[in-house]
Amino acid sequence: MSTTDKNEITEEFLNKGHVETDVSGQRRKQREKELTHWDKEQARNMASHDGIELTGDHFKVIDLLRDYYLKNGAVKSGRELDDMLDDEFTRQGGRKFLRELFPKGPVTQGMRFAGLAVPAHSEDQSFGTSR
């Protein structure tokens, strides 16, 4: 088989959608798969253990964290999420509002309740906290 024939077969195979060539698409599909292993009942159980009864406002934060993860993947620092949440909830009071919902921090508790890994440096006391 000539090189031209191999290239045509490969191109035909790729064009039929048999192989996902978009790396970001592959990563997103992997994250979607990871997110399916969570449900709101798990979040309620974790929150109950922490003495919190989850409300619609809590789930807005949790859903936002999960959507952010789906679109962007894991973040390098909790500060990124802290700033994003503060911007998103400015009208309700920003960080103060979020602290009332999540006393141990919207990033730390929110990510845990969302079934996601808490980012590095979310609780580094020597540099402050992004909880």
Would you confirm whether any residue within segment 77-89 is part of a loop (DSSP other than H, G, I, E, B) and in contact with a His (Cβ under 6 Å, 6 or more places away or on another chain)?
-> yes
Specify which of the listed residues (78, 73, 56) is within 15 Å of residue 114 (Cα to Cα) and touching a Ser or Thr at 6+ places or on another chain (Cβ under 7 Å).
-> 78
Output for segment 37-75, where each listed residue is buried (at least 18 other Cβ atoms within 10 Å of the Cβ), modelled with pLDDT under 90 and either touching a strand residue (DSSP E or B) at 6+ places or on another chain (Cβ under 9 Å) or not hydroxyl-bearing (Ser, Thr, Tyr) (or both) = 75
List pairs: first in segment 64-78 and over 16 Å from residue 29 (Cβ atoms), second crowded, with 18+ Cβ neighbours inside 10 Å and of a type in the set (Val, Ile, Thr), Cβ under 6 Å, 6+ apart or cross-chain?
-> 78/107
Failed item in (1) surrounded by 15 or more Cβ atoms within 10 Å (Cβ to Cβ); (2) modelled with pLDDT under 90, with residue 5 passing the rest | (1)
Only one of (1) surrounded by fewer than 18 Cβ atoms within 10 Å (Cβ to Cβ); (2) outside any loop (DSSP other than H, G, I, E, B); (3) not polar (S, T, N, Q) does not apply to residue 93, and that is (2)
Can you tell me which residue within segment 41-73, out of those that are β-branched (Val, Ile, Thr) and in a loop (DSSP other than H, G, I, E, B), is farthest from residue 102 (Cα to Cα)?
-> 55
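The values are calculated or read from the model by the stated rules, or taken from the named source; none is laboratory data. Quick caveat, the model's predicted, so the values are computed rather than measured. Neighbour counts are summed over all protein chains in view; Cβ atoms, including those assigned to glycine, are modelled from backbone coordinates with ideal geometry.
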